[in-house]
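Take a look at the structure below.
The values are calculated or read from the model by the stated rules, or taken from the named source; none is laboratory data. All values derive from a computational prediction rather than experimental measurement. Cβ coordinates were reconstructed from backbone atoms using ideal geometry, including for glycine residues, and neighbour counts include every protein chain displayed. For the accessible areas, the whole protein counts, side chains as well, though only heavy atoms, and no ligand, DNA or RNA atoms are used. Shrake-Rupley method; radii C 1.70, N 1.55, O 1.52, S 1.80 Å.
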Amino acid sequence: MARRFAWAAALGVVALPCVAQADWQLDPEKSRVETTITEITSSGESVAHRHALKRMDGHIAEDGTLRLPVRLNQTDVLDQLGDLPPWMESLSDTELTTVVTQLDPGVLDNLPVGESRTETLTLSVKDGDASQQQPLKVRFTRESESEIRVRNAEAVALDGNVIMQNQTARTVLGLLGYQQIDDEVPVELDAVLVDR
């Protein structure tokens, strides 16, 4: 009897993580990043432009890795440019960059409905063989059993000079007519993780 109980307990412990582990992924319809890029015109005038990265798509792996590929067709750049020249049409689905971060899935699984938790994530932005890292303080709010809203917990801005050093970003901004931008590019994250 004792041996049977020990086997049952052992099986329960082994099975428990499989049952409790949620499968968190971004809901593309509710996940976006908005940014304000301030263009410095040739006359020295500052003109603010709002842009958005939509349809964010990513899955948190068992080890907590979240990869976010960023493609040109996720931005509102194509909306503003209209029809692309033929040589650029094939680039619309090309990855501009990949953002990678790490998060313990248990943080999400154990967050009670109606509660919030703030975590500092390290974002790695891959540009070819190079990688830049930046910390981002993020607030997770459990809105239901199967949904967690994710927003930045404090104001955050990217370095405009670093953006302009990136060849791909400079090309995209050039297509929009921005030759020079302000040093600070404020970013607002509003995303939803769903358990599917």
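Using a probe of 1.4 Å, the accessible surface attributed to Leu96 totals some 50 Å² when neighbouring protein chains are kept in position. His49 contributes about 50 Å² of solvent-accessible surface, heavy atoms of the protein only, 1.4 Å probe. At the residue level, Asp104 shows approximately 100 square angstrom of accessible surface with a 1.4 angstrom probe and all protein chains present. Take the Cα of Glu143, step 7 Å toward its Cβ, do the same at Gln80, and the gap between the two points is 2.7 nm. Heavy-atom accessible area, probed at 1.4 angstrom with all protein chains present, ranks Ser43, Ser124, Ser146 as Ser43, Ser146, Ser124, highest first. Against the criterion of solvent-accessible heavy-atom surface with a 1.4 angstrom probe, Ser31, Ser116, Ser92 sort, most first, into Ser116, Ser92, Ser31. Residues Met56, Met164 ordered from highest to lowest accessible area at a 1.4 Å probe: Met164, Met56. Given their separation in residues at 0.36 nm each and the Cα-Cα distance between them, Thr118 and Gln102 gain 4.3 nm when the chain is fully extended. Averaging Cα coordinates gives a centre for segment 109-125 and one for segment 36-50; these two points are 34 Å apart.
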